[in-house]
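Every number here is computed from the coordinates shown, using simple stated rules; none is lab data. Since this is a predicted model, take the numbers as computed values, not measurements. FYI the Cβ positions are ideal-geometry reconstructions off the backbone, even for glycines, and counts take in every protein chain you see.
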Amino acid sequence: MTKFLTGIDHIQLAAPPNSEEQARQFYGKLLGMKEIPKPENLQARGGCWFQCGAQEIHIGIQTDFTPAKKAHPGFTVHALNVLKSHLETAGYEITEEPPIDGRGRFFTHDPFGNRIEFLEFD
């Protein structure tokens with residue numbers, strides 16, 4: 001069988017209308033992702049894009065927005081406990097989960113209620 005897939009370019013998370021500044025505060029300032037420009041032909045749709053390692057995180061505006069409660073991105077991090085404390089200090093609730101085969105992890109929700117996982121490999 002031919003292999004077609006070579007990697008992941010980006011993930012997209014939905015957000016409610018007029019939430020770009022909240023996305024910039026959470027993904028940009030709190031998590032430290034660099035905002036990257038959206039292509040000009042997509043700017044009228046709203047939303048914003050961020051760089052996360054070699055991948056991109058696209059925050060897309062959805063008029064009938066409902067947060068993702070089970071589906072989620074899993075971000076790898078350095079200093080998991082420091083990040084956890086950083087998010088708690090900023091007022092985000094943390095949900096602990098058992099580690100998975102040599103990786104610690106926890107969950108939180110972005111400002112829109114989307115589930116987010118953070119993992120650190122041993």
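Contact order normalised by length for the chain, with contacts defined as Cα pairs under 8 Å and 6 or more residues apart; what percent is it?
It comes to 25 percent, rounded to a whole number.
For the chain, what is the percent of antiparallel DSSP beta bridges, rounded to the nearest 5?
65
Roughly how many whole Å is it from the C-alpha centroid of the range 69-91 to that of the range 8-57?
First find each Cα centre; the distance between them is then 17 Å.
Could you tell me which label, among (i) 13, 50, 34, 3; (ii) 13, 34, 27, 16, 7, 2, 0; (iii) 12, 42, 33, 12, 1, carries the value of P(r) over Cα pairs in 10 Å bins from 0, in percent calculated for this structure?
So the structure-derived entry is (iii).
Given only helices, namely DSSP H runs of n ≥ 4 each adding -39500 (n - 2.57), what is the per-residue ellipticity at 222 nm of the chain, to the nearest 500 deg cm²/dmol?
-3000 deg cm²/dmol
What aspartates and glutamates could a cross-link reach from LYS70, if we take a straight Cα to Cα line under 19 Å and drop same-chain neighbours fewer than 8 places away?
Qualifying aspartates and glutamates at Cα under 19 Å: GLU93, GLU96, GLU97, ASP110, GLU117.
Note the full-extension length gain between PHE107 and LEU42 as 0.36 nm times their separation in residues minus their Cα-Cα distance, in nm to one decimal.
Between PHE107 and LEU42, full extension yields an extra 20.3 nm.
Based on the mean of other beta carbon atoms within 10 Å per residue, what is the order of 23-32, 74-83, most packed first?
23-32, 74-83
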